[in-house]
Amino acid sequence: MPRIEANWSFPQFTGYSILNLLNPAICWQEPRNNPLIKKFRVQVYFKEDARTLDLGATEETYMAIPSDDYSLTTSYKIRIATIGTDGKQSSFVESDTLVASPLRFDFSSLRSVTLPEGQKLKSQRLLFLII
């Protein structure tokens, strides 16, 4: 069964430095993960049927999307919101539109690929699960 994962970057934070008085345009400290962010809420928005699937909250910067909940003939967006240490949730940020490809591998057959309607074609051994 095919499986996809969504991943994102942790919001970065740079604290105030007294050197900002000299030049406020220079970042005087190395950016680090924002200490006020505790978790992320992850959703998948399916564009064709305007449906949102809530995958829950995670402390990691990636989450697997269950293969039962997406189709190879649909397009979708990943939506991420941050949850702070005080429990407040930010607004959602959406990814670019991801379009699932009509091709998927059938690993039980060596040289063929199966289309969603069941038709088998000769495979070029290229993997096009997500464009």
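The values are calculated or read from the model by the stated rules, or taken from the named source; none is laboratory data. Everything numeric in this text was worked out from a predicted model, so none of it was measured. Note: ideal-geometry Cβ built from the backbone for every residue, glycine included; neighbour counts use all protein chains shown. Protein only, heavy atoms only, side chains kept; ligands, DNA and RNA dropped before computing areas. Shrake-Rupley method; radii C 1.70, N 1.55, O 1.52, S 1.80 Å.
Conditions (1) aliphatic (A, V, I, L, M); (2) surrounded by 14 or more Cβ atoms within 10 Å (Cβ to Cβ); (3) at pLDDT below 80, marked per residue:
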residue	(1), (2), (3)
Pro35	no, no, no
Leu53	yes, yes, no
Gly56	no, no, no
Ser67	no, no, yes
Thr97	no, no, yes
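Please determine, by comparing only the residues of segment 6-32 that are β-branched (Val, Ile, Thr) and in a loop (DSSP other than H, G, I, E, B), which one is modelled with the highest pLDDT. Outline the logic, then answer.
Going through segment 6-32, the residues β-branched (Val, Ile, Thr) turn out to be 14, 18, 26.
Next, from what is left, pick out any that are in a loop (DSSP other than H, G, I, E, B): 14, 26.
On the way: Thr14: 78, Ile26: 75.
Of everything passing the filter in segment 6-32, Thr14 is modelled with the highest pLDDT.
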- prompt: Out of (1) out of contact with any Ser or Thr (no Cβ under 6 Å at 6 or more places or on another chain); (2) in a loop (DSSP other than H, G, I, E, B); (3) modelled with pLDDT of 80 or more, what's the single condition that is false for Arg41?
  reply: (2)
statement: Scanning segment 37-51 residue by residue, the ones that are more than 15 Å from Ser91 (Cα to Cα) and open to solvent by less than 30 Å² (accessible area, probe 1.4 Å) total 1
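Tyr62 - would you say it is closer than 30 Å to Glu117 by Cα and not hydrophobic (A, V, I, L, M, F, W, C)?
Values: closer than 30 Å to Glu117 by Cα: no; not hydrophobic (A, V, I, L, M, F, W, C): yes.
Criteria not met by Tyr62.
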- request: Restricting attention to segment 1-33, report how many residues are touching a residue at least 40 places away in the same chain (Cβ under 8 Å), open to solvent by 40 Å² or more (accessible area, probe 1.4 Å) and of a type in the set (Gly, Ala, Ser).
  value: 1
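Evaluate segment 112-131: report whether one residue or more is closer than 22 Å to Trp8 by Cβ and either at pLDDT 70 or above or open to solvent by less than 90 Å² (accessible area, probe 1.4 Å) (or both).
Residues of segment 112-131 closer than 22 Å to Trp8 by Cβ: 129-131.
With the extra rule that they be either at pLDDT 70 or above or open to solvent by less than 90 Å² (accessible area, probe 1.4 Å) (or both), the set shrinks to 129-130.
So far as segment 112-131 goes, yes, one or more of its residues are closer than 22 Å to Trp8 by Cβ and either at pLDDT 70 or above or open to solvent by less than 90 Å² (accessible area, probe 1.4 Å) (or both).
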